[in-house]
Amino acid sequence: MLAAKHFLLLLVAMCSPRCSAQSTPAGATTLAAPGPSPPLATPQPLAERLKVRLAGYPRKHNEGRVELFHKGEWGTICDDDFSIANANVLCRQLGFVAATGWTHSAKYGKGQGQIWLDNVMCGGGEKSVHLCKSRGWGNSDCTHDEDAGVVCKDERIPGFVDTNVIEAHVDEDQLEEVRLRPVVAAAKKKLPVTEGVVEVKYKDGWAQVCDVGWTARNTRVVCGMLGFPHERKVNKNFYRLFLERQKNVFRVHSVACAGTEVHLAACPLRFNAANGTSTCKGGSPAVVGCMAGPLFLQTSGLKKKKPRTSSNVRLKGGARLGEGRVEVLKGSEWGTVCDDRWSLQSASVVCRELGFGSAKEAMTGARMGQGLGPIYMNEVRCVGSEKSIWKCPFKNITSEDCQHTEDAAVRCNIPYMGLENSIRIVGGRSSYEGRVEVQVGSKWGTVCSKGWTTKEAMVVCRQLGLGYSMHAINETWYWDSSNVTHMVMSGIKCTGGEMSLTQCQHHKTVSCQKAAAKFAAGVICSETTSDLVLNAGLVQQTVYIEDRPLHMLYCAAEEDCLAKSAAQANWPYGHRRLLRFSSQIHNIGRADFKPKAGRHSWVWHACHGHYHSMDIFTHYDLLSANGTKVAEGHKASFCLEDSDCQEGVSKRYECANFGDQGITVGCWDLYRHDIDCQWIDITDVKPGNYIMQVVINPNFEVAESDFTNNAMKCNCKYDGHRIWFHNCHIGDAFSEEAERRFEKYPGQLNNQIS
């Protein structure tokens with residue numbers, strides 16, 4: 001065996017560059033030629049989990065230059081002795097199931113700063129690259145021309161926690177936890193707690209912070225890490241009188257924050273010596289008051305001082321409140337932010353601007369899904385004190401700088417509301433699925449499943465902090481039941497954006513036809529989900545009118561793809577006027593889009609010779625100025641498949657031979673303009689100006705991270721012979737003002753040709 005290995009190494013060493021190029025993909029390598037290697041250091045354990053990210057350009061989300069976060073700084077790995085075993089370890093650290101290759105010689109561009117590791121030699125089974133043999137941290141004779149990269153298999157490890165995350169680099173051994181302890185009796189009963197004594201976790205209890213030298217900057221940091229965007233003044237005289245009567249233990253004697261830190265532990269602190277005094281000479285326990293953001297004001301008693309939030313920054317694609325892809329409004333169109341130099345300080349400006357606290361995490365590499373349209377900002381460099389991300393220095397974007405695989409995202413600190421304490425899921429095979437049980441008063445009970453949809457299930461998963469809803473379950477008899485059989489909620493109807501189930505509409509008195517526990521509502525949650533969006537430009541480019549003979553429309557009539565008046569036509573004579581166009585539907589989410597129904601329940605349609613995996617996949621409507629439908633069509637999902645994909649993404653779904661149906665992340669399904677039912681029957685429509693609307697997944701049958709981008713609209717002009725589409729756009733791509741202008745363009749209101 002040893003001899004064979006030496007022979008293999010000798011063969012590789014003798015192989016010409018042409019030979020190695022033939023045996024590996026372009027830019028990827030699976031074996032390195034041997035060379036003199038320095039003594040390798042014994043792997044040393046790290047105090048915390050090593051952060052790894054992919055960077056560089058051009059690249060897709062599952063490939064790139066490898067960068068490691070060590071000692072507060074991102075750095076690279078040298079390609080000396082690099083191997084596919086190293087790549088496998090790194091890809092698993094990034095949340096992918098395996099590696100398909102690796103790259104050398106800075107294929108994804110040269111990194112900056114430290115080259116943290118060199119001569120890395122993994123066995124392949126290590127849980128982290130720092131456990132592999134290497135020269136040791138920071139010991140390298142390489143330049144950034146030798147930065148290594150990896151190509152990972154585009155398949156995620158189930159339940160893997162997000163990678164490409166920048167967190168606060170603080171010593172949490174010093175300050176494990178910080179809280180506000182309310183003193184006023186009324187405040188003790190309300191959440192969130194916006195005012196109180198600052199306390200830090202110490203041993204088995206809580207200790208106070210001395211307020212000598214305490215500044216508004218310190219208060220800003222405390223409020224930010226507790227989920228509040230602003231600080232406010234408190235009546236210190238009241239607190240001083242109250243606290244003088246209590247015994248206080250001071251853990252922290254001095255705090256000197258700059259005000260831009262995201263955690264109190266990141267500020268310069270002076271702690272009480274182990275054998276020192278616990279008093280606070282000339283001072284008392286620090287007390288702060290915070291201003292809650294608009295979303296949390298309903299229970300904070302501060303409605304009169306409602307702060308404003310930004311109208312030109314938003315978060316999209318996040319499962320939980322206060323997280324998502326950062327999008328900014330420029331002119332009348334929304335766009336994204338590139339993740340180059342993305343930091344916690346810049347993320348915090350966005351969070352506070354939106355009414356949350358400071359940033360808990362700053363995410364890179366489109367970890368909250370890819371956006372659409374323009375990318376407006378790159379290399380955003382906020383200090384952390386700015387009122388808006390638009391006030392921070394940044395670079396304008398060119399097409400060569402960034403792609404949507406580099407969209408920046410944030411996860412903000414939000415106030416503790418205790419919402420997860422009044423709901424639970426039980427009986428499932430994992431902590432992500434079960435019977436929904438809610439607490440009403442002092443009683444726990446089940447929820448009626450009548451009318452239970454993906455939107456209601458989304459609220460449950462969000463309330464529990466379990467991500468998105470994959471399935472809304474209407475029968476839960478196959479899960480283990482708890483001892484709870486009493487039903488406490490029914491008639492629930494959510495918009496999908498609520499923070500808790502109790503915020504949704506529901507019956508005041510429980511009324512459920514199927515009240516048995518086996519018919520109680522249930523959910524299956526997931527950390528990732530799909531996100532479908534229509535290519536609006538292609539719709540605008542491909543629209544035309546066809547007068548199609550009735551004798552060619554029998555199958556279409558069978559599938560209900562014609563207007564109702566077609567039933568009274570003189571079949572097979574005459575024709576129908578059809579508005580035709582192509583639909584290209586992209587999955588820009590973080591999980592594949594699959595039909596709700598399994599293949600065992602798909603319906604075969606002999607006329608067209610295909611299976612329907614969803615009753616209705618899209619709605620096509622022609623609307624008048626007041627929103628009334630003047631013509632409509634629908635598209636049954638007879639074949640959900642990967643028509644084509646981004647470079648490097650493999651097709652996974654194909655309808656041929658009763659194959660799996662779905663749309664892979666990074667792929668799209670194309671319905672050409674010349675296939676049956678890819679139209680609206682406008683035979684009965686009079687000339688005029690209209691709005692064309694396409695809605696994907698209209699009944700919310702399949703979970704998505706964002707339903708607001710499922711609709712596409714176009715201005716439509718029809719003169720009785722020809723038709724024009726213009727201003728085609730995704731439903732949430734324009735500003736509110738631009739959307740209002742779109743719906744009231746000249747000629748729209750009187751429905752006359754202009």
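Numerical summary
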item: Inter-site label distance for SER624 and ASP145 at 7 Å from Cα along Cβ, in nm; result: 7.2
item: Percent of C-alpha pairs per 5 Å bin, segment 471-544, short to long; result: 3, 11, 15, 18, 16, 10, 7, 6, 6, 5, 3, 1, 0
item: Residue among GLN93, VAL129, HIS70 farthest towards the positive dipole end of segment 68-134, charges placed on Cβ; result: GLN93
item: Kirkwood-based shape ratio for segment 292-445, expressed as Rg/Rh from alpha carbons; result: 1.07
item: Packing rank of 533-546, 88-101, where each peptide gets the mean count of other beta carbons within 10 Å, highest leading; result: 88-101, 533-546
item: Contour excess over end-to-end distance, with Cα ends at THR279 and LYS330 and 0.36 nm allotted per residue; result: 13.0 nm
item: Proximal lysines to LYS686, defined as alpha-carbon separation beneath 25 angstrom and excluding residues fewer than eight positions away on the same chain; result: LYS564, LYS629, LYS635, LYS713, LYS717, LYS744
item: 19 Å Cα-Cα reach of LYS316 towards lysines, excluding residues that sit fewer than 8 places from it in its own chain; result: LYS330, LYS360, LYS455
item: Segment 329-410: GluC sites (Glu not before Pro) falling in loop per DSSP and having at most 14 other Cβ within 10 Å; result: GLU400
item: The chain: radius of gyration and largest Cα-Cα distance (Dmax), Å; result: 29.7, 100
item: Sparse-neighbourhood loop sites, GluC sites (Glu not before Pro) in segment 638-736 - DSSP loop, at most 12 other Cβ within 10 angstrom; result: GLU647
item: Accessible solvent surface per residue of the chain, calculated while the other protein chains remain in place, 1.4 angstrom probe, Å²; result: 47
item: Sorted peptide list for 550-563, 231-244, criterion being average Cβ within 10 angstrom, highest first; result: 550-563, 231-244
item: Potential lengthening between ALA515 and ARG341 on full extension [0.36 nm per residue; Cα-Cα distance subtracted]; result: 57.2 nm
item: Förster-model FRET efficiency, 41 Å R0, LYS71 and ARG599, C-beta, rounded to 0.05; result: 0.20
item: More than 15 Å apart - percent of Cα-Cα pairs taken over segment 596-674; result: 64
item: Where Rh is the Kirkwood radius over Cα pairs, Rg/Rh for segment 633-752; result: 1.03
item: ARG741 paired with PHE242, simple spin-label distance in nm, labels 7 Å along Cα-to-beta-carbon; result: 5.2
item: TYR108 accessible area, assembled protein chains, probe 1.4 Å, Å²; result: 10
item: Neighbourhood net charge (12 Å Cβ-Cβ; Lys/Arg +1, Asp/Glu -1) for GLY662; result: -1
item: Values of log10 I(q)/I(0), in the order q = 0.15, 0.22 Å⁻¹, for segment 380-482 under a Debye, Cα-only, solvent-free model; result: -0.75, -1.22
item: Alpha carbon centroid spacing (whole Å) that separates segment 47-114 from segment 492-508; result: 44
item: 31 Å Cα-Cα threshold exceeded, pairs from LYS133/LYS201; LYS188/LYS281; LYS133/LYS153; result: LYS133/LYS201
item: Whichever aspartates and glutamates have a C-alpha closer than 14 Å to that of LYS236, once near sequence neighbours (fewer than 8 apart) are set aside; result: GLU195, ASP211, GLU244
item: Length added when fully stretched, SER431-CYS555, from 0.36 nm per residue minus Cα-Cα; result: 40.0 nm
item: Spin-label zone in segment 664-679 - amide nitrogen under 16 Å from a point set 7 Å from the Cα of TYR544 along the C-beta vector; result: 672-676, 678-679
item: Charged-residue dipole, Cβ positions (Lys, Arg, Asp, Glu), the chain about Cα centre, Debye nearest 20; result: 3140
item: Sum of -39500 (n - 2.57) over DSSP H runs of 4+, divided by residues of the chain (222 nm, nearest 500); result: -3500 deg cm²/dmol
item: Among beta bridges that DSSP assigns inside the chain, antiparallel share in %, nearest 5; result: 95
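The values are calculated or read from the model by the stated rules, or taken from the named source; none is laboratory data. Source: prediction; values computed, not measured. We place every Cβ from the backbone using ideal geometry, glycine too, and count neighbours over all the protein chains shown. Calculation scope for accessible area: heavy atoms of the full protein, side chains included, ligands and nucleic acids excluded. Shrake-Rupley method; radii C 1.70, N 1.55, O 1.52, S 1.80 Å.
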